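Worksheet for the structure shown next.
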Amino acid sequence: MSGIDFVYDTNIFIYIMQGNPNVAHFSDVGHFSFSVISQLKLLEKFKIGEKEKQTVYELRSLGFCLELDAEIQEKTIELKQKYRLKLPDAIIAASAIHHQLPLVSADKGFWAVKELDFI
């Protein structure tokens, strides 16, 4: 995908929003994308308040949202069955694989996905 360097997992956004120093540099490194499922997970998380919702929208505006097309849906099913991933994780991994982008995540469960370029 032209101009995009990474796919960020949901937990990267959560850590950025929390001010975690271990991931703070990710908000300034390269051009990122995210799965539509990450956006949904962030907005439904913890009965989100207006301030947090605004932060999610601001972060979202800095990246590119990867929609859930038919090819990603097929890859999601394949990954879910092959690796027994949770549905949101399978969608995120399928999006990264489909777009041939590395996935940045703190979730070590992605290590098992051989098709995935995992950071």
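The values are calculated or read from the model by the stated rules, or taken from the named source; none is laboratory data. Please read all numbers here as calculations on a predicted model, not as lab measurements. Cβ sites come from the backbone with ideal geometry, for glycine too, and all protein chains shown count toward neighbours.
Filtering the stretch 90-111 to residues that are surrounded by 13 or more Cβ atoms within 10 Å (Cβ to Cβ) and without any contact (Cβ under 8 Å) to a residue 40 or more places away in the chain leaves Ala90, Ala93, Ala94, Ile97, His98, Gly109. For Asn20, the conditions (1) assigned to a loop (DSSP other than H, G, I, E, B); (2) free of Cβ contacts under 8 Å to residues at least 12 places away in the same chain; (3) surrounded by fewer than 12 Cβ atoms within 10 Å (Cβ to Cβ) are fulfilled apart from (3). The set of residues in the stretch 57-74 being assigned to a helix (DSSP H, G or I) and at pLDDT 85 or above consists of Tyr57, Glu58, Ser61, Leu62, Ala70, Glu71, Ile72, Gln73, Glu74.
Does Ile12 qualify as being under 11 Å from the mean Cα position of the chain (by Cα), among the aliphatic types (A, V, I, L, M) and modelled with pLDDT of 90 or more? It is true that Ile12 is under 11 Å from the mean Cα position of the chain (by Cα), among the aliphatic types (A, V, I, L, M) and modelled with pLDDT of 90 or more.
When Phe64, Phe6 are screened for being under 21 Å from Lys108 (Cβ atoms), surrounded by 14 or more Cβ atoms within 10 Å (Cβ to Cβ) and not small (Gly, Ala, Ser), only Phe6 passes.
Filter the stretch 75-119 down to the residues that are among the basic types (Lys, Arg) and outside any loop (DSSP other than H, G, I, E, B), then identify the one that is farthest from Val23 (Cα to Cα).
Lys82
Condition check for Leu42 on (1) under 24 Å from Gly3 (Cβ atoms); (2) in a loop (DSSP other than H, G, I, E, B); (3) not basic (Lys, Arg): one failure, at (2).
Within the bounds of the stretch 44-56, is there any residue that is free of Cβ contacts under 8 Å to residues at least 24 places away in the same chain, hydrophobic (A, V, I, L, M, F, W, C) and farther than 23 Å from Glu115 by Cβ? Reasoning before the result, please.
Let us first name the residues in the stretch 44-56 that are free of Cβ contacts under 8 Å to residues at least 24 places away in the same chain, namely 44, 46-51, 53-54.
Add one more test, that the residue is hydrophobic (A, V, I, L, M, F, W, C), and what stays is 46, 48.
Those still in the list that are farther than 23 Å from Glu115 by Cβ too: 46, 48.
Within the stretch 44-56 (the criterion being free of Cβ contacts under 8 Å to residues at least 24 places away in the same chain, hydrophobic (A, V, I, L, M, F, W, C) and farther than 23 Å from Glu115 by Cβ), the answer is yes, since at least one residue qualifies.
Within the stretch 71-84, residues that are of a type in the set (A, V, I, L, M) reach partners that are not in a helix (DSSP H, G or I) with beta carbons closer than 8 Å, at six or more positions or on different chains, in the pairs Ile72/Leu66; Leu79/Leu85; Leu79/Val113; Leu79/Glu115.
On inspection, Leu116 qualifies as surrounded by 20 or more Cβ atoms within 10 Å (Cβ to Cβ) and in contact with a helix residue (DSSP H, G or I) (Cβ under 6 Å, 6 or more places away or on another chain).
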